[in-house]
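Student: Let me give you the structure first, and then I'll get to my questions.
The values are calculated or read from the model by the stated rules, or taken from the named source; none is laboratory data. No experiment lies behind these values; they were computed from the predicted model shown. Please note: Cβ atoms are built from the backbone with ideal geometry, for glycine as well, and neighbour counts cover all protein chains shown. SASA here: full protein model, heavy atoms, side chains in, ligands and nucleic acids out. Shrake-Rupley method; radii C 1.70, N 1.55, O 1.52, S 1.80 Å.
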Amino acid sequence: MGYRVVVAGATGNVGREMLNILAEREFPVDEIAALASRKSLGTEVSFGDKTLTTKDLDTFDFTGWDIALFAVGSEATKVYAPKAAAAGCVVIDNSSLYRYDPQVPLIVPEVNADAIEGYKAKNIIANPNCSTAQMVVALKPLHDRARIKRVVVSTYQSVSGAGKAGIDELWSQTKGIYVPGQEVAPEKFTKQIAFNVIPHIDTFMEDGSTKEEWKMVAETKKILDPKVKVTATCVRVPVFVGHSESINIEFEDFLDEEEARDILREAPGVLVVDKREAGGYITPVECVGDYATYISRIRQDSTLDNGLNLWCVSDNLRKGAALNAVQIAEVLGNRCLKKG
C-alpha cells in the first residue's frame, strides 16, 4: 500500500518539480492531488506519464491524505498548512514560515534525518532555504571529521530563486538590451539583472544584512550545529537555474585538502569534480536537472591554521527545494509512516 500525496502550488516552478521528482524517484503513490489557487484552477500539470488537473486549494479536504508538499509561499501556508495538519496529513513546507519554529523540524536528509521524529508536535516539517540546503550537505561530513568553527559564504544565486517572475525579467531584459524600443525596467529585482549582479536578496535588516543572509545563518545553526558561526553575503546573478557558493571554512582541527576531497567523495548527495585545469570544475549550467550537490576548487586556506576553501553548486529548484522536500517525504515514510 502506498501514500495519498498532495502537492499544493502545483503550477509553480517548485510545485512542478515536486511532481517530476516524485515520479522520477518512484515514490510509492497510491493517489495524488495537484492543488492550485483559484486563478490557476483547472490548469493541467504532468506527473510521470499522467496528466493531472489542478484542484482548488481553498476548498480541498485533506482528511485521509498522508503527505502534503507545500510550495505556495508563507501567506497561503499560514492559512492552509494548519488545516492539513489538523486533518492528519503531514505537511512538508517549502516556505520560510515554520523554519525557525522550535516545534517544527528543519530537515536536510543527508545532514539531520534523525530530527524527523519531531514532526509529531505539529504534523509539519520545514524545508530549508535553497542556499542553505546545498551548503550544509557539503559542510556536514567535514564537520563530523574536524568540527567547524566558522563559515564565510558568498552566494551567486540564480533568478529562478525569485520564481517565474525572476526568470521572465532576466529573459525579457536581456532581449530588450539588444532590441531598441523593447527595454525592460527592473520590476522583480531592485536593479537591472541582465549582465549585472545584485548584492541584495530579500529585505534589509537593522544590522545591514539581508533576510536571505540571516536565513543562512539561522538555518545552518538549526540544521548542523548551533555553535557554528556563519557570515553570508547573498548575491543575485544573471543565471536562470543553479545556485553557486564560495565557502571558506575554519575548523577546530587541521584537515588536509586531500582528506577533505576523499571525505566529500564518499558523502551522501555530493559529487566532487575538482581537477586543477581549465574546465575541471562545475558551473551552474552543468548542474541543472541533477540531484547532486557538486563540489569543486577544494584547497587549503593559507591565511588560517585550519582553513579550507571550496566551490559549491546545485540546482536550486531541485536540492534547494523540490528534491529536498521529496527526500524528506521518503525519510518520513521509511522511518515514521511506514507504508508503501
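Student: Consider only pairs whose beta carbons are under 6 Å apart and that are at least six residues apart or on different chains; among these, list those whose first residue lies in the stretch 138-155 and is more than 14 Å from residue 230 (Cα to Cα) and in contact (Cβ under 8 Å) with a residue 40 or more places away in the chain and whose second residue is buried (at least 20 other Cβ atoms within 10 Å of the Cβ) and aromatic (Phe, Trp, Tyr).
Tutor: So the pair list comes out as 146/251.
Student: Looking only at residues that are among the polar types (S, T, N, Q) and out of contact with any Gly (no Cβ under 9 Å at 6 or more places or on another chain) in the stretch 158-202, which one is nearest to residue 74 (Cα to Cα)?
Tutor: 190
Student: While we're here: Return yes when residue 190 is in a loop (DSSP other than H, G, I, E, B), at pLDDT 95 or above and not aliphatic (A, V, I, L, M) and no when it is not.
Tutor: Yes: the conditions hold for residue 190.
Student: When residues of the stretch 205-235 are filtered for being among the polar types (S, T, N, Q), touching a helix residue (DSSP H, G or I) at 6+ places or on another chain (Cβ under 7 Å) and open to solvent by less than 10 Å² (accessible area, probe 1.4 Å), how many remain?
Tutor: 1
Student: Output the qualifying pairs, or none if there are none: Cβ atoms under 8 angstrom, residues six or more apart or on different chains, first residue in the stretch 172-194 and open to solvent by less than 60 Å² (accessible area, probe 1.4 Å), second residue of a type in the set (Phe, Trp, Tyr).
Tutor: 174/195
Student: Would you point out the residue of the stretch 135-145, among those that are in contact with an Asp or Glu (Cβ under 7 Å, 6 or more places away or on another chain) and not hydrophobic (A, V, I, L, M, F, W, C), that is surrounded by the most Cβ atoms within 10 Å (Cβ to Cβ)?
Tutor: Selected residue: 140.
So that you can scan it fast, the table gives a plain yes or no per residue for (1) modelled with pLDDT of 95 or more; (2) in contact with a His (Cβ under 8 Å, 6 or more places away or on another chain); (3) of a type in the set (D, E, K, R); (4) closer than 14 Å to residue 137 by Cβ:
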residue: 230; (1), (2), (3), (4): yes, no, no, no
residue: 238; (1), (2), (3), (4): yes, no, no, no
residue: 256; (1), (2), (3), (4): yes, no, yes, no
residue: 271; (1), (2), (3), (4): yes, no, no, yes
residue: 274; (1), (2), (3), (4): yes, no, yes, no
residue: 278; (1), (2), (3), (4): yes, no, no, no
